[in-house]
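Trainee: Below is a structure I'd like to ask you about.
The values are calculated or read from the model by the stated rules, or taken from the named source; none is laboratory data. The shown structure was predicted, so the numbers you read here are calculated from the model rather than taken from an experiment. Positions of Cβ are generated from backbone atoms using ideal geometry, with glycine treated the same way; all protein chains shown enter the neighbour counts.
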Amino acid sequence: MTKIYILDRFHPAGVEMARQFADTVVNYDEPGVKDWPEQADGVMVRMTPVTGDEIRRAGKAGKVKIICKQGVGYDTIDIATAKEVGIPVSRTPGVNSEAVAELALGLSLAVNRRIPELDRMLRNAQSQDRGNFLGGELGGKTIGVIGMGNIGTLAARKFHRAFDCNIVAYDPYVPADHWKDQPHERAATLEDMLKKVDLVTVHCPLNKETRDIIDAKELALMKKGAIVINCARGGIVNEKALYEAIKSGHIFGAGLDVFDVEPPPHDHPLLSLATVVATPHSGGGTRETQERSGTRVAQQVIDVLQGKPAVNRVA
C-alpha cells in the first residue's frame, strides 16, 4: 500500500487528506517514523531536518517519489543530495505570505510603540512615568524591504497603504520592472538602501549570499534609532552585531521571529534587551495559514504519487 510519512505536526485537514489517499505514518503519534527513507512513497515535512544521509538511504531504497516542505524556505533539507539521487523536493510558496507580512507589520508596531514594555510595566506594577517609554510613529517613515517576493510585496503594500510609508526595495534577482503597482524606490545596493531607511524588514531566503548580509558594518550605516525586523530566517542578520548595535543605542530595537538556533536559549543576549520583541518562528502561525499549508502539501504529494509532475520544485 502507498505510504505517506508526515514528519511534523500538520493541520488536521492536511493529515486527513493524506489519510484518504494512502496509509500514513505520523511523527507525533506513531512509532517507526525513522524508517521513512526505506518505507515512504511520499514525505510531508515542516521543520524537521531532512539530512543527506536520510536522502541517500531513500535513494538506495528507491521508493520515495516526493518530499514536500511546507512553506517557502527549504534550508532544512539537503537539496544538493536530493538532486544527486534524483528525489524531487517541492515547497509551498505563497501560502503563508499574508500571515508573515502581517507579523512583520505587527512586530514593527510592537517595537516602535514599545507595546511589550508598556504591557510589562502595567503587569509588574512598575513606575508609570510614560515619559520614559516614548515610542515612535510609522506614519510617513521610510521602510526598507530586503527581498521583493510574495512576502516582501505584501509587507511593502501594508506599510505603504496603512502608514503612507516610503518604500525602498533591494533585491538583485528581480527585473527592473517588478512592482509596477507598488510605489517604491529601487536601491542598487544594500548599502544605499540602509542609509535611507528608518526601519528595515527582511524577506529573503537564507543562503551563502544572504548569511550575515546585515552585519556590524551594515548596521552602522543605518540611521540612529532605526529598527530591524526579521521574519525570514535566522542567520541573515548577525545576532551578535545586532545586540551590540542595540546595546550601544545606535539601533533602537528589533522584531525577530527567527534565530540562528531555534528555539533560542532563554539567556540569549538579544532577549535581555527591552526593545527587542521576539516570537518563536511563528510567522505562519495562523489558523488560516496552517489549514491552507497542510492541505497544499498533502495535495502536492498526492499529485506526484498519482503520476503528475511535482510543482514548486527546488530539487
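Trainee: Filtering region 47-92 down to residues that are crowded, with 18+ Cβ neighbours inside 10 Å, free of Cβ contacts under 8 Å to residues at least 60 places away in the same chain and among the charged types (D, E, K, R), which residue is farthest from GLU262 (Cα to Cα)?
Mentor: Ranking the candidates gives GLU54 first.
Residues are listed down the side, and each one gets a yes or a no for (1) in contact (Cβ under 8 Å) with a residue 40 or more places away in the chain; (2) part of a helix (DSSP H, G or I); (3) in the same structural domain as ARG114 (by TED's automatic domain parsing); (4) surrounded by fewer than 19 Cβ atoms within 10 Å (Cβ to Cβ):
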| position | (1), (2), (3), (4) |
| --- | --- |
| ILE246 | no, yes, yes, no |
| GLY253 | yes, no, yes, no |
| PRO265 | no, no, yes, yes |
| LEU271 | no, yes, yes, yes |
| GLN299 | yes, yes, no, yes |
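Trainee: Against the conditions (1) surrounded by fewer than 22 Cβ atoms within 10 Å (Cβ to Cβ); (2) touching a Ser or Thr at 6+ places or on another chain (Cβ under 7 Å), where does PRO175 fall short? Just the number, please.
Mentor: Unmet condition: (2).
Trainee: I need the full set of residues from region 29-74 which are among the aliphatic types (A, V, I, L, M) and more than 19 Å from ARG19 (Cβ to Cβ), in order please.
Mentor: Once the filter is applied, which keeps residues that are among the aliphatic types (A, V, I, L, M) and more than 19 Å from ARG19 (Cβ to Cβ), region 29-74 yields MET47, VAL50, ILE55, ALA58, ALA61, VAL72.
Trainee: Would you mind stating whether THR51 is at pLDDT 95 or above, among the polar types (S, T, N, Q) and on the phi < 0 side of the Ramachandran plot?
Mentor: The answer is yes for THR51.
Trainee: Kindly indicate whether any position in region 119-140 is assigned by TED's automatic domain parsing to the domain that holds GLN182, buried (at least 18 other Cβ atoms within 10 Å of the Cβ) and on the phi > 0 side of the Ramachandran plot.
Mentor: No; the residues of region 119-140 include none that is assigned by TED's automatic domain parsing to the domain that holds GLN182, buried (at least 18 other Cβ atoms within 10 Å of the Cβ) and on the phi > 0 side of the Ramachandran plot.
Trainee: In addition: When only residues in region 196-227 that are among the charged types (D, E, K, R) and within 16 Å of the chain's Cα centre (by Cα) count, which is farthest from GLY249 (Cα to Cα)?
Mentor: By that ranking, first place goes to ARG211.
Trainee: Check off (1) crowded, with 17+ Cβ neighbours inside 10 Å; (2) among the aliphatic types (A, V, I, L, M); (3) within 18 Å of GLY307 (Cα to Cα) for MET1 and give me the number that stays unchecked.
Mentor: (1)
Trainee: Also: Go through THR275, THR210, THR189 for me and flag whichever is of a type outside the set (A, V, I, L, M) and either in the same structural domain as ILE79 (by TED's automatic domain parsing) or in contact (Cβ under 8 Å) with a residue 40 or more places away in the chain (or both). Talk me through it step by step, then tell me what you get.
Mentor: Values: THR210 fails: either in the same structural domain as ILE79 (by TED's automatic domain parsing) or in contact (Cβ under 8 Å) with a residue 40 or more places away in the chain (or both); THR189 fails: either in the same structural domain as ILE79 (by TED's automatic domain parsing) or in contact (Cβ under 8 Å) with a residue 40 or more places away in the chain (or both).
Answer to the selection: THR275.
Trainee: Could you identify the single residue in ARG120, ARG114 that is touching a helix residue (DSSP H, G or I) at 6+ places or on another chain (Cβ under 7 Å) and of a type in the set (D, E, K, R)?
Mentor: None of the others qualify; the one that does is ARG114.
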